[in-house]
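Written below as structure tokens is the structure these notes are about.
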Amino acid sequence: MLGNIDKAIEILGKARSVVVMTGAGVSAESGVPTFRGKDGLWKTYRAEEIANPQAFAANPAFVWQWYNMRRKMMKSVSPNPAHEALARLESGPFKSFTLITQNIDGLHSLAGSRSIIEVHGNIWRIRCDSCGHIEHNETVPLPEPPYCDCGAPLRPDVVWFGESLDNEVLSAVMAALPRADVMLVVGTSSVVYPAASFAIFAKQAGATVIEVNLAPTPLTPQADVSIMGKAGEVMPLIARGVL
Ligand code: BJW
Ligand code: ZN
């Protein structure tokens, strides 16, 4: 593992433009359960069965039970050394540094990262698909479901299966990827599209891909450097070596 960390430090040391992509594994050491693997079930339902617009239309109360449970849990957690190391890395000697996250928990922002693109939304915003109302809301628990003034049920402002990513968000991602010298992919299973395609796109545009994960993923064969380890242990070593 140390050899590959040294390689990652050397590559990042020469980079001008860095794009980081994070997933649930980065928040795992803060106590936020990941989606897949042994933690990925809630009342025997998979995330795919709850995080979709059909489930919400059929049973908004059920979907809100899941979100209330997760909002309560996410309110009680703090950034871990992986979030903190990524925030420090942003102040490194780079021309540009963009952090793309699939996480909706807001922990990168709490850790001090500034250039963040949240591709799957944020659990602390709720919105109305009927009238377009959107608000920041940290109340826990919310009614199941909460209702908009227009009478429609409010939903979390997150991206569910079968829904498109926000156009402005995608534009920001597509502006960052082709410029990347290095694409650092941390704690994601790389199975959910289109997010899983971002590292492949960056690699095809010339980026060196570094992956940090506890286990191999579908991206691993394409990664130039693969570091198997805990994000909370590996990222501080990388940040210390680069800064
Ligand atoms: C650690 C660690 C530690 C643990 N240290 N590492 C192309 C091909 C195939 C399918 C599709 C495709 N295009 C679209 C699709 C359909 C679908 C999809 O991708 N399905 C696949 C599952 C097959 N995609 C969509 O529907 C997307 N929309 C879309 O494409 O729109 C256009 C379209 C519409 C209709 C039809 C076709 C196209 C939207 C996807 C939205 C995903 N939303 C969720 C929920 C967000 C809200 C919420 O949280 O409530 O996003 S699902 C869930 O998965 C969440 C995550 O962001 C996302 C990714 O998960 P992540 O972060 O990778 O977590 P895990 O748990 O999977 O992995 C954790 C990793 O960490 C593991 O590898 C561990 O080893 C590691 N780890 N501890 C380091 N300490
Ligand atoms: Zn409304």
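On the stretch given as the range 3-34, residues that are within 30 Å of Ile123 (Cα to Cα) and charged (D, E, K, R) total 1. What's the total number of residues in the range 119-136 that are in a loop (DSSP other than H, G, I, E, B), open to solvent by less than 20 Å² (accessible area, probe 1.4 Å) and under 15 Å from Trp64 (Cβ atoms)? Residues in the range 119-136 being in a loop (DSSP other than H, G, I, E, B), open to solvent by less than 20 Å² (accessible area, probe 1.4 Å) and under 15 Å from Trp64 (Cβ atoms): 1 in total.
Which of the residues belonging to the range 87-135 are at positive phi and within 16 Å of ligand 2 (Cβ to nearest atom)? Break it down stepwise before answering.
From the range 87-135, those at positive phi are 106, 112, 121, 132; that's our starting set.
Of everything in the range 87-135, just one residue is at positive phi and within 16 Å of ligand 2 (Cβ to nearest atom), namely Gly132.
Within the range 146-164, the residues that satisfy the criterion of being under 23 Å from Gly106 (Cα atoms) and either open to solvent by less than 20 Å² (accessible area, probe 1.4 Å) or among the charged types (D, E, K, R) (or both) are Pro146, Leu154, Arg155, Pro156, Asp157, Val158, Trp160, Glu163.
The residues of the range 136-153 that are in contact with a strand residue (DSSP E or B) (Cβ under 9 Å, 6 or more places away or on another chain) and either within 12 Å of ligand 2 (Cβ to nearest atom) or in contact (Cβ under 8 Å) with a residue 24 or more places away in the chain (or both), listed by number, are Glu138, Leu142, Pro145, Pro146, Tyr147, Cys148, Pro153.
Which residue out of Ala57, Ala47, Ala51, Ala61 is within 20 Å of Pro156 (Cα to Cα) and within 16 Å of ligand 2 (Cβ to nearest atom)?
Values: Ala47 fails: within 16 Å of ligand 2 (Cβ to nearest atom); Ala51 fails: within 16 Å of ligand 2 (Cβ to nearest atom); Ala61 fails: within 16 Å of ligand 2 (Cβ to nearest atom).
Testing whether each residue is within 20 Å of Pro156 (Cα to Cα) and within 16 Å of ligand 2 (Cβ to nearest atom) leaves just Ala57.
Taken over the range 89-115, the criterion of being outside any loop (DSSP other than H, G, I, E, B) and crowded, with 19+ Cβ neighbours inside 10 Å is satisfied by Leu89, Glu90, Phe97, Thr98, Leu99, Ile100, Thr101, Leu107, His108, Ala111. Every listed requirement among (1) in a loop (DSSP other than H, G, I, E, B); (2) more than 14 Å from ligand 1 (Cβ to nearest atom) is met by Phe161 save one, (2). Residue-level check: of (1) within 16 Å of ligand 1 (Cβ to nearest atom); (2) over 26 Å from His83 (Cβ atoms), Cys148 misses just (1).
The values are calculated or read from the model by the stated rules, or taken from the named source; none is laboratory data. None of these values were measured; they are calculated from a predicted model. Positions of Cβ are generated from backbone atoms using ideal geometry, with glycine treated the same way; all protein chains shown enter the neighbour counts. For the accessible areas, the whole protein counts, side chains as well, though only heavy atoms, and no ligand, DNA or RNA atoms are used. Shrake-Rupley method; radii C 1.70, N 1.55, O 1.52, S 1.80 Å.
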